[in-house]
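Okay, so here's the structure we're looking at.
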Amino acid sequence: MKGKHLLAIHDLSAEEIDSILNLADRLKSETKEGKSHEILHGKTLGMIFAKPSTRTRVSFETGMTQLGGHAIYLGMNDLQLGRGETIADTARTLSRYVDAIMARLFKHQDAEELAKHSRVPVINGLTDLHHPCQALADLMTIREKFGKLSGINVAWVGDGNNVCISLMEGCSLVGANFRAACPRGYEPPAEIASWAKNRAAKSGSLVEIETDPEKAVKGADVIYTDVWVSMGQEAEAKTRLEVFKKYQVNEQLVEKASPNVIVMHCLPAHRGQEITDEVIDGPHSAVWDQAENRMHAQKALLVALIKGLP
Ligand code: CP
Ligand code: NVA
């Protein structure tokens with residue numbers, strides 16, 4: 001995997017996902033035991049942020065420190081990119097200094113442009129279309145809770161957004177069943193859903209998209225939700241809050257799933273909108289382990305892309 005970009009989960013094979021998660025599990029146990037693993041000693045990660053972040057920034061930065069490397073935060077006001085330097089020239093320049101670039105951008109095409117002109121691996125830290133680092137941490141969390149991914153029933157409730165798309169692709173690759181309940185007009189793009197359905201068929205699992213949350217969560221091992229208004233969609237907030245009203249993950253909905261269901265959310269959560277306090281703070285919630293796993297999964301990813309898997 002050395003030298004590859006990660007712009008979307010479909011850039012990885014099922015075997016590569018498995019290897020990254022195995023390494024992530026190992027790095028997590030070593031970290032818990034206080035063992036150091038300076039695998040990326042002397043390496044630097046450049047991190048471009050066109051949107052705010054709590055988890056992505058802190059997990060990548062801390063992860064690089066734990067690996068013996070260094071990370072540089074580059075906001076739009078820090079870079080000449082914010083004053084009109086092109087993405088291509090930014091990629092050409094940064095890749096003469098750093099060993100990998102992580103970028104959180106608005107348009108997915110901008111991440112593709114960055115990767116096209118970069119000599120070093122580019123990692124998508126969220127675009128309007130994909131959030132592959134989130135999906136890696138999510139798969140790690142599901143595997144940790146259930147001991148496997150194949151055959152696990154994942155129910156998505158809400159907006160068919162970037163997080164939904166990456167999770168759907170990830171599930172289809174690893175053989176988990178993915179059923180989404182999204183309001184009409186807010187489903188993941190048809191072309192990506194169709195790719196995921198075909199990929200799932202090869203893995204022996206199913207991808208289904210419908211509108212009814214109660215149907216989607218029936219028999220679910222995992223219920224997953226995300227905000228109704230993603231970054232960059234603020235102008236649509238009023239309409240969206242109305243459209244998604246029936247898509248709240250609350251105790252009544254959780255009761256309809258499997259008794260051992262875990263509830264996931266990429267965070268940040270809008271408590272009282274897509275998820276209630278009772279659920280996010282309740283016994284089924286896995287959200288803090290999930291947030292922690294961002295760091296372990298990304299450390300494994302950084303090692304894989306910068307150094308190659310052991
Ligand atoms: N889940 C996630 O990407 O969180 P941040 O926006 O805080 O990075
Ligand atoms: N769908 C959300 C995820 C944030 C981590 C957004 O794009 O804002």
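Observations on the model:
- For segment 215-240, filtering for residues that are within 16 Å of ligand 2 (Cβ to nearest atom), buried (at least 19 other Cβ atoms within 10 Å of the Cβ) and assigned to a loop (DSSP other than H, G, I, E, B) leaves 4.
- Applying the condition of being within 16 Å of ligand 1 (Cβ to nearest atom) and of a type in the set (A, V, I, L, M) to segment 83-116 and asking which residue is surrounded by the fewest Cβ atoms within 10 Å (Cβ to Cβ) yields 105.
- The listed residue being more than 16 Å from ligand 1 (Cβ to nearest atom), modelled with pLDDT of 95 or more and not aromatic (Phe, Trp, Tyr), out of 61, 38: 38
- The residues listed here are 59, 53, 29; of these, the one that is closer than 23 Å to residue 295 by Cβ, part of a helix (DSSP H, G or I) and within 16 Å of ligand 2 (Cβ to nearest atom) is 59.
- Per-region count, segment 120-144, residues in a loop (DSSP other than H, G, I, E, B) and touching a Gly at 6+ places or on another chain (Cβ under 9 Å): 4
- The number of residues in segment 90-114 being closer than 17 Å to residue 79 by Cα and not in a loop (DSSP other than H, G, I, E, B) comes to 14.
- Among the residues of segment 241-264, those identified as outside any loop (DSSP other than H, G, I, E, B) and farther than 19 Å from residue 219 by Cβ are 241, 242, 243, 245, 246.
- Look at (1) away from ligand 1 (no atom under 16 Å from the Cβ); (2) on the phi > 0 side of the Ramachandran plot and you find that residue 158 fails only one, number (1).
- Cβ pairs under 9 Å, 6+ apart, first in segment 58-86 and without any contact (Cβ under 8 Å) to a residue 24 or more places away in the chain, second surrounded by 21 or more Cβ atoms within 10 Å (Cβ to Cβ) and among the hydroxyl-bearing types (Ser, Thr, Tyr): 80/90
The values are calculated or read from the model by the stated rules, or taken from the named source; none is laboratory data. Note that the structure is a prediction, hence the values are computed from the model and not measured. Please note: Cβ atoms are built from the backbone with ideal geometry, for glycine as well, and neighbour counts cover all protein chains shown.
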